[in-house]
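Participant: Once you've had a glance at the structure underneath, I'll fire off some questions.
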Amino acid sequence: MQNTAIEIWIYGVIMILGGIMGFVKVGSKASLISGVGMGLALLASGFGVWRGSADSLLVALVIAALLMVIFAIRYVKTRRFMPGGMLAILSLVAVVVFGLAWKK
(Lines give C-alpha, C1' and ligand atoms only; values in the text may rest on other atoms or scores of the structure.)
Protein backbone atom coordinates (compact mmCIF):
# COMPACT_ATOMS: atom_id res chain seq x y z
CA MET A 1 0.00 0.00 0.00
CA GLN A 2 2.99 2.30 0.49
CA ASN A 3 3.59 2.64 -3.27
CA THR A 4 -0.07 3.37 -3.88
CA ALA A 5 -0.02 6.12 -1.24
CA ILE A 6 2.94 7.73 -2.99
CA GLU A 7 1.12 7.54 -6.34
CA ILE A 8 -1.94 9.19 -4.79
CA TRP A 9 0.26 11.96 -3.34
CA ILE A 10 1.89 12.58 -6.72
CA TYR A 11 -1.52 12.79 -8.39
CA GLY A 12 -2.74 15.13 -5.64
CA VAL A 13 0.27 17.44 -6.02
CA ILE A 14 -0.29 17.56 -9.79
CA MET A 15 -3.92 18.60 -9.19
CA ILE A 16 -2.84 21.32 -6.73
CA LEU A 17 -0.19 22.66 -9.11
CA GLY A 18 -2.65 22.55 -12.00
CA GLY A 19 -5.19 24.56 -10.03
CA ILE A 20 -2.57 27.14 -9.11
CA MET A 21 -1.35 27.31 -12.71
CA GLY A 22 -4.90 27.83 -13.99
CA PHE A 23 -5.33 30.70 -11.56
CA VAL A 24 -1.99 32.31 -12.40
CA LYS A 25 -2.34 31.95 -16.20
CA VAL A 26 -5.98 32.91 -16.71
CA GLY A 27 -7.18 34.08 -13.31
CA SER A 28 -9.55 31.16 -12.87
CA LYS A 29 -10.69 31.05 -9.26
CA ALA A 30 -12.67 27.90 -10.06
CA SER A 31 -9.46 26.14 -11.12
CA LEU A 32 -7.71 27.28 -7.97
CA ILE A 33 -10.50 26.18 -5.65
CA SER A 34 -11.21 22.87 -7.34
CA GLY A 35 -7.56 22.00 -8.00
CA VAL A 36 -6.42 22.76 -4.48
CA GLY A 37 -9.54 21.22 -2.94
CA MET A 38 -9.32 17.95 -4.86
CA GLY A 39 -5.55 17.88 -4.44
CA LEU A 40 -5.80 18.26 -0.67
CA ALA A 41 -8.47 15.55 -0.55
CA LEU A 42 -6.11 13.27 -2.49
CA LEU A 43 -3.21 14.07 -0.17
CA ALA A 44 -5.38 13.20 2.83
CA SER A 45 -6.47 10.03 1.07
CA GLY A 46 -2.85 9.13 0.47
CA PHE A 47 -2.13 9.45 4.18
CA GLY A 48 -5.04 7.15 4.91
CA VAL A 49 -3.73 4.60 2.41
CA TRP A 50 -0.26 4.92 3.94
CA ARG A 51 -1.80 3.91 7.27
CA GLY A 52 -3.58 0.94 5.65
CA SER A 53 -7.11 2.27 5.14
CA ALA A 54 -8.92 0.61 2.24
CA ASP A 55 -11.64 3.26 2.54
CA SER A 56 -9.08 5.98 1.76
CA LEU A 57 -8.08 4.10 -1.38
CA LEU A 58 -11.74 4.02 -2.42
CA VAL A 59 -11.97 7.80 -1.86
CA ALA A 60 -8.92 8.37 -4.09
CA LEU A 61 -10.41 6.09 -6.75
CA VAL A 62 -13.74 7.95 -6.72
CA ILE A 63 -12.00 11.35 -6.91
CA ALA A 64 -9.86 10.18 -9.84
CA ALA A 65 -12.93 8.82 -11.66
CA LEU A 66 -14.82 12.05 -11.07
CA LEU A 67 -11.90 14.13 -12.34
CA MET A 68 -11.56 11.86 -15.37
CA VAL A 69 -15.17 12.55 -16.35
CA ILE A 70 -14.88 16.30 -15.69
CA PHE A 71 -11.69 16.65 -17.72
CA ALA A 72 -13.05 14.48 -20.55
CA ILE A 73 -16.12 16.72 -20.78
CA ARG A 74 -13.87 19.78 -20.76
CA TYR A 75 -11.77 18.31 -23.57
CA VAL A 76 -14.85 17.51 -25.67
CA LYS A 77 -16.17 21.06 -25.21
CA THR A 78 -12.89 22.87 -25.97
CA ARG A 79 -11.14 20.37 -28.26
CA ARG A 80 -7.89 21.54 -26.68
CA PHE A 81 -5.52 18.91 -25.38
CA MET A 82 -4.20 21.20 -22.65
CA PRO A 83 -5.35 20.95 -19.96
CA GLY A 84 -8.53 18.92 -20.40
CA GLY A 85 -7.23 16.11 -22.61
CA MET A 86 -3.98 15.64 -20.76
CA LEU A 87 -5.64 15.61 -17.34
CA ALA A 88 -8.37 13.25 -18.58
CA ILE A 89 -5.65 10.79 -19.63
CA LEU A 90 -3.74 11.28 -16.37
CA SER A 91 -6.94 10.70 -14.42
CA LEU A 92 -7.69 7.57 -16.46
CA VAL A 93 -4.23 6.24 -15.59
CA ALA A 94 -4.90 7.06 -11.92
CA VAL A 95 -8.24 5.22 -12.04
CA VAL A 96 -6.53 2.14 -13.48
CA VAL A 97 -3.66 2.23 -10.95
CA PHE A 98 -5.92 2.87 -7.96
CA GLY A 99 -8.44 0.30 -9.23
CA LEU A 100 -5.76 -2.38 -9.51
CA ALA A 101 -4.57 -1.57 -5.99
CA TRP A 102 -8.19 -1.81 -4.78
CA LYS A 103 -8.52 -5.33 -6.26
CA LYS A 104 -5.52 -6.61 -4.25
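Participant: Residues of the stretch 92-104 being touching a helix residue (DSSP H, G or I) at 6+ places or on another chain (Cβ under 8 Å) and without any contact (Cβ under 8 Å) to a residue 60 or more places away in the chain, which ones?
Facilitator: Scanning the stretch 92-104 gives Leu92, Val95, Gly99, Trp102.
Participant: Now for a different question. Please indicate, with yes or no, whether at least one residue in the stretch 71-80 is open to solvent by less than 30 Å² (accessible area, probe 1.4 Å) and assigned to a helix (DSSP H, G or I).
Facilitator: Scanning the stretch 71-80, I find at least one residue that is open to solvent by less than 30 Å² (accessible area, probe 1.4 Å) and assigned to a helix (DSSP H, G or I), so the answer is yes.
Participant: Follow-up. If I filter the stretch 23-48 down to residues being under 15 Å from the mean Cα position of the chain (by Cα) and more than 23 Å from Met1 (Cα to Cα), which single residue comes out as most open to solvent (accessible area, probe 1.4 Å)?
Facilitator: Looking at the filtered set, the residue picked out is Ile33.
Participant: Being touching a residue at least 40 places away in the same chain (Cβ under 8 Å) and within 11 Å of the chain's Cα centre (by Cα) is the filter here, so list the residues in the stretch 49-83 that pass it.
Facilitator: Ala60, Leu61, Ala64, Leu67
Participant: Of these, Gly35, Gly19, Gly85, Gly52, which one is out of contact with any Asp or Glu (no Cβ under 8 Å at 6 or more places or on another chain) and more than 26 Å from Leu100 (Cα to Cα)?
Facilitator: On inspection, the qualifying residue turns out to be Gly19.
The values are calculated or read from the model by the stated rules, or taken from the named source; none is laboratory data. Since the model is a prediction, treat every value here as computed from it, not as a measurement. When we count neighbours, we look across all protein chains shown, and the Cβ atoms used for this are built from the backbone with ideal geometry, even at glycine. Only protein heavy atoms, including side chains, enter the accessible area calculation; ligands, DNA and RNA are left aside. Shrake-Rupley method; radii C 1.70, N 1.55, O 1.52, S 1.80 Å.
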